[in-house]
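The values are calculated or read from the model by the stated rules, or taken from the named source; none is laboratory data. All values reported here derive from a predicted model rather than from experimental measurement. Neighbour counts run over all protein chains shown; Cβ positions are idealised from the backbone, glycine included. Keep in mind that these areas ignore ligands, DNA and RNA; they rest on the heavy atoms of the full protein, side chains included. Shrake-Rupley method; radii C 1.70, N 1.55, O 1.52, S 1.80 Å.
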Amino acid sequence: MKRTAFFFAAVLWSAASLLLASEPLNLSFEFSGVSPEQGEIVEQIVEQRLSERSAGGELHASYAVDASFDAEEYSVETNGSTATLRAGSFPGLIFATGKLLRSINYAPDSFTIPEFSFREKPSASFRCCYFARHFHNWYHMATDEELERYVEDLALWGFNTIATIQIPLVNLNLDPETEEWRHAVKGVKTIRAASKRLGLSFVALDCVNQAPRDIPEELIATPNIDPKRGNNGWNACLSKPGGLEYMDRVIRASFGSFVGAQADYTCWWPFDEGGCECEGCGPWAVNGFLKHVARYSKLVNDEFAPDQKFIVSTWTYHEDEFEAVWEWGKDHPEVKYVLADAHGDFPKYPLERPLPEGYALVTFPEISMQGRFPWGGYGATPQPRRFTELWEQVRGHVDGCMLYSEGLFEDINKIIESGFYFRDEKAEDSLREYAQYELAGCDPEDFVKLCRNLEAILILREQNPEYAAAALDAMKLAVKIDSEILPSLRNAWRWRQFYCRCLLEYERNVRGNENTQTYVDAILELQHMYHSDLFPEGVVDEMHGCTTPVLPQGEIGVYPQPEEEIQER
């Protein structure tokens, strides 16, 4: 598979770092209670992020693991150019580092550190982001360096767990020797290694009956009839003759590809893939699924990872199905978490009934697809209002989350959710902190307004005259922010995906025409940013279009740039 280049922002980041390196930062570090390798990780993270923002500045940082702190509790104290960071563990020091970096005042030539004293510990123990890698999206096609960098970025915001699908069987044949299978394994190992390097947990998501593309036709499962539960890919019926033996081979091939690099948890998944609703397996949610979760959890513990814990998903369960899971769980102490959520409001049963002893409840916030298609095809998708409403439904009842992420376009939604689950922080406060750090130089209040406007125009698929005012206001704010943001950050992907989104909204809803060169250029930039242009030749993936920015059809006209019209208005 030929790789053409790093995505747009990675090149600019590297270029900016080289240019700024001519005026070295004055940095020094002291460490206590961490290994030399961990100290090097912290130094690299801090120096890289500071050099991307400012050409100079002084920081003397003292780090220590302190046994008087809870494991993920941390503190940061500053005095002039000195910062003292304490935590109960190495991941806690990473969280502290993120807080310090986000508190600094950045300017092109230097940075200053405000004086403050801050101490906190997370309110939820499981703060996970799931990287969906089965659509040849950014997670699927990113380089090792890009994946490692993004795991670091999320850890700095307080995520303590990363998850990904173990093997994207929907795209593969049952042959671990193929290039595509090896590519899938390599990506998972890279994400796992990046997570473990920072002391984070790692979750592999697997399905107890999802089959590869070359499943024998006579073993294919009976689809379910609930459209919200999906029937994606191929699934095996475990009640048909030979079905159980076939799926045993699939599970062993999947887990056998990670000998010596097993996950901390396996999360068993019931739907989207559809399960099986034949007479022997159905009803899948309370019969076939739970029966085979027990079977394959034992297989994993016996043959691959004797100490592994499990997460049981009840994604899209109906209210009358939860009771069976609660009863089943009393006899399965190997399960640590029950995951629950739905396409809309959070189900009531998990909030009203106590879980079996030793279990904890986590959510599955869907931060990628809501109200859009293609998902992320038009740039950043901030939704502070919607996610606040959903947070209020579960607040105080859950011990964490596993965010469903399809790529970079909902980076801001990850930060909103991190604020909820780490410190019960309002979405607007997370937006301001994001702007202070990732868009340094702009007025954070402008960014909050921009996100509200873009959420109001969530669905770009159909032109709507009512969106014109919000689109115009968004473009005005984008032009203003673009003029104020630090030069070293102006071309980084986090801001460019917001700016491209504003351009597209303006062309479609203000100018009323998507067949413009501005529109085409913005789509091409997003395709490159999201690696949609790296789809491997000869690979069949029906779902790839779900995350691919789409070019307009027809003759393309050249019009004045939106920035010029904004000045005239």
Legend entry - the stretch 210-224, residues that are part of a loop (DSSP other than H, G, I, E, B), within 15 Å of LEU172 (Cα to Cα), open to solvent by less than 20 Å² (accessible area, probe 1.4 Å) and not aliphatic (A, V, I, L, M): PRO212
Inset, instruction - Go through the stretch 413-439 residue by residue and tally those that are among the hydrophobic types (A, V, I, L, M, F, W, C) and either touching a residue at least 60 places away in the same chain (Cβ under 8 Å) or open to solvent by 10 Å² or more (accessible area, probe 1.4 Å) (or both). - result: 2
Legend entry - Selection within the stretch 556-567 - free of Cβ contacts under 8 Å to residues at least 40 places away in the same chain and assigned to a loop (DSSP other than H, G, I, E, B): PRO560
Legend entry - Residues located in the stretch 299-331, provided they are touching a residue at least 24 places away in the same chain (Cβ under 8 Å) and either in a strand (DSSP E or B) or open to solvent by 70 Å² or more (accessible area, probe 1.4 Å) (or both): GLU303, LYS309, PHE310, ILE311, VAL312, SER313, HIS318, GLU319, GLU323, LYS330
Inset, instruction - Identify all residues within the stretch 332-341 that are under 19 Å from PHE271 (Cα atoms) and either in contact with an Asp or Glu (Cβ under 8 Å, 6 or more places away or on another chain) or open to solvent by 30 Å² or more (accessible area, probe 1.4 Å) (or both); write none if there are none. - result: TYR337, ASP341
Inset, instruction - List every residue pair whose Cβ atoms sit under 9 Å apart, with the two residues 6 or more apart in sequence or on different chains, where the first one lies in the stretch 188-200 and is touching a residue at least 24 places away in the same chain (Cβ under 8 Å) and the second, anywhere, is open to solvent by less than 10 Å² (accessible area, probe 1.4 Å) and basic (Lys, Arg). - result: VAL188/ARG133; ILE191/ARG133
Inset, instruction - Among the residues of the stretch 531-555, write down those that are within 12 Å of GLY377 (Cβ to Cβ) and either in a helix (DSSP H, G or I) or open to solvent by less than 10 Å² (accessible area, probe 1.4 Å) (or both). - result: SER532, HIS544, GLY545, CYS546, THR547, PRO549
Inset, instruction - Find all pairs meeting these conditions: Cβ atoms under 6 angstrom apart; at least six residues apart or on different chains; first residue within the stretch 219-241 and farther than 8 Å from CYS276 by Cβ; second residue among the β-branched types (Val, Ile, Thr) and outside any loop (DSSP other than H, G, I, E, B). - result: GLY233/VAL170
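Per-residue answers, yes or no, for (1) within 22 Å of the chain's Cα centre (by Cα); (2) open to solvent by less than 30 Å² (accessible area, probe 1.4 Å):
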position: ASP411; (1), (2): yes, yes
position: GLU445; (1), (2): no, no
position: LEU450; (1), (2): yes, yes
position: ASN464; (1), (2): no, no
position: ALA474; (1), (2): no, yes
position: ILE481; (1), (2): no, yes
position: LEU486; (1), (2): no, yes
position: ASN491; (1), (2): yes, no
position: CYS500; (1), (2): yes, yes
Legend entry - Filtered residues of the stretch 418-476 (kept if in contact with a Phe, Trp or Tyr (Cβ under 6 Å, 6 or more places away or on another chain), farther than 22 Å from LEU504 by Cα and part of a loop (DSSP other than H, G, I, E, B)): ALA440
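Of THR518, THR548, which residue is of a type in the set (S, T, N, Q) and closer than 30 Å to VAL170 by Cβ? Steps first, please.
Details: THR518 fails: closer than 30 Å to VAL170 by Cβ.
Unique residue meeting the criteria: THR548.
Residues PRO91, PRO122: which one is modelled with pLDDT of 95 or more, assigned to a loop (DSSP other than H, G, I, E, B) and surrounded by 20 or more Cβ atoms within 10 Å (Cβ to Cβ)? First the steps, then the outcome.
Values: PRO91 fails: assigned to a loop (DSSP other than H, G, I, E, B).
Of PRO91, PRO122, the one residue that is modelled with pLDDT of 95 or more, assigned to a loop (DSSP other than H, G, I, E, B) and surrounded by 20 or more Cβ atoms within 10 Å (Cβ to Cβ) is PRO122.
Working carefully through the options GLY379, GLY400, find the one that is crowded, with 19+ Cβ neighbours inside 10 Å, in contact with a helix residue (DSSP H, G or I) (Cβ under 9 Å, 6 or more places away or on another chain), closer than 30 Å to LEU504 by Cα and not hydroxyl-bearing (Ser, Thr, Tyr).
One residue alone meets the criteria, GLY379.
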Inset, instruction - Please find, among LEU205, LEU200, LEU147, LEU174, the residue that is farther than 18 Å from ALA263 by Cα and modelled with pLDDT of 95 or more. - result: LEU174
Inset, instruction - Could you figure out which of (1) open to solvent by 50 Å² or more (accessible area, probe 1.4 Å); (2) part of a helix (DSSP H, G or I); (3) touching a strand residue (DSSP E or B) at 6+ places or on another chain (Cβ under 9 Å) isn't true of LYS228? - result: (3)
Inset, instruction - Go through the stretch 37-86 and give me each residue that's β-branched (Val, Ile, Thr) and in a helix (DSSP H, G or I). - result: ILE41, VAL42, ILE45, VAL46
Inset, instruction - Please state which of the following conditions GLY376 fails to meet, knowing it meets all the rest: (1) more than 30 Å from CYS500 (Cα to Cα); (2) touching a residue at least 12 places away in the same chain (Cβ under 8 Å). - result: (1)
